[in-house]
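Structure first, then comments.
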Amino acid sequence: MQRSVVVAIEEGLHARPAALFVAEAARQPAPVTIAKNGSAPAPARSILSVITLGVCAGDEVTLATEADDAEAAASLDALESFLGRAAVS
């Protein structure tokens, strides 16, 4: 299961927003990967992997999980919602 999402966070996934994204991914029941522009998928629970992607505001990323159940859908929903916010607190 996968989804394409446009990142709305002003800072992109750098420093604090990346840390908050990884924390949100760690709370999810299904492991999720994130990829930018067809790059190799990176574990969404890894701060180093997420920062290395260099995701900026307006970039399209792909969130994916190997599972295809309600937990996987809920995990993707939560991370899609996080990336769709204009600001993180």
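The values are calculated or read from the model by the stated rules, or taken from the named source; none is laboratory data. Because the structure is a prediction, the values reported are computed rather than measured. Heads up, the Cβs are rebuilt from the backbone with ideal geometry, glycines too, and the neighbour counts pull from every protein chain shown. With ligands, DNA and RNA removed, areas are computed over all heavy atoms of the protein, side chains included. Shrake-Rupley method; radii C 1.70, N 1.55, O 1.52, S 1.80 Å.
Table for the structure above
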item: Residue check for residue 35: touching a Leu at 6+ places or on another chain (Cβ under 8 Å), within 15 Å of residue 4 (Cα to Cα), in contact (Cβ under 8 Å) with a residue 24 or more places away in the chain and small (Gly, Ala, Ser); result: yes
item: Residues of the stretch 50-89 that turn out to be under 14 Å from residue 21 (Cβ atoms) and touching a residue at least 12 places away in the same chain (Cβ under 8 Å), as a count; result: 21
item: Residue list for the stretch 19-32, filter: touching a helix residue (DSSP H, G or I) at 6+ places or on another chain (Cβ under 7 Å) and without any contact (Cβ under 8 Å) to a residue 40 or more places away in the chain; result: 19, 22
item: Qualifying positions in the stretch 15-28 - surrounded by 16 or more Cβ atoms within 10 Å (Cβ to Cβ) and either closer than 12 Å to residue 56 by Cα or not hydrophobic (A, V, I, L, M, F, W, C) (or both); result: 17, 18, 24, 28
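Okay, residues lined up against (1) open to solvent by 20 Å² or more (accessible area, probe 1.4 Å); (2) of a type in the set (Asp, Glu); (3) under 9 Å from the mean Cα position of the chain (by Cα):
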| position | (1), (2), (3) |
| --- | --- |
| 4 | yes, no, no |
| 13 | no, no, yes |
| 34 | no, no, yes |
| 47 | yes, no, no |
| 58 | yes, no, no |
| 62 | yes, no, yes |
| 66 | yes, yes, no |
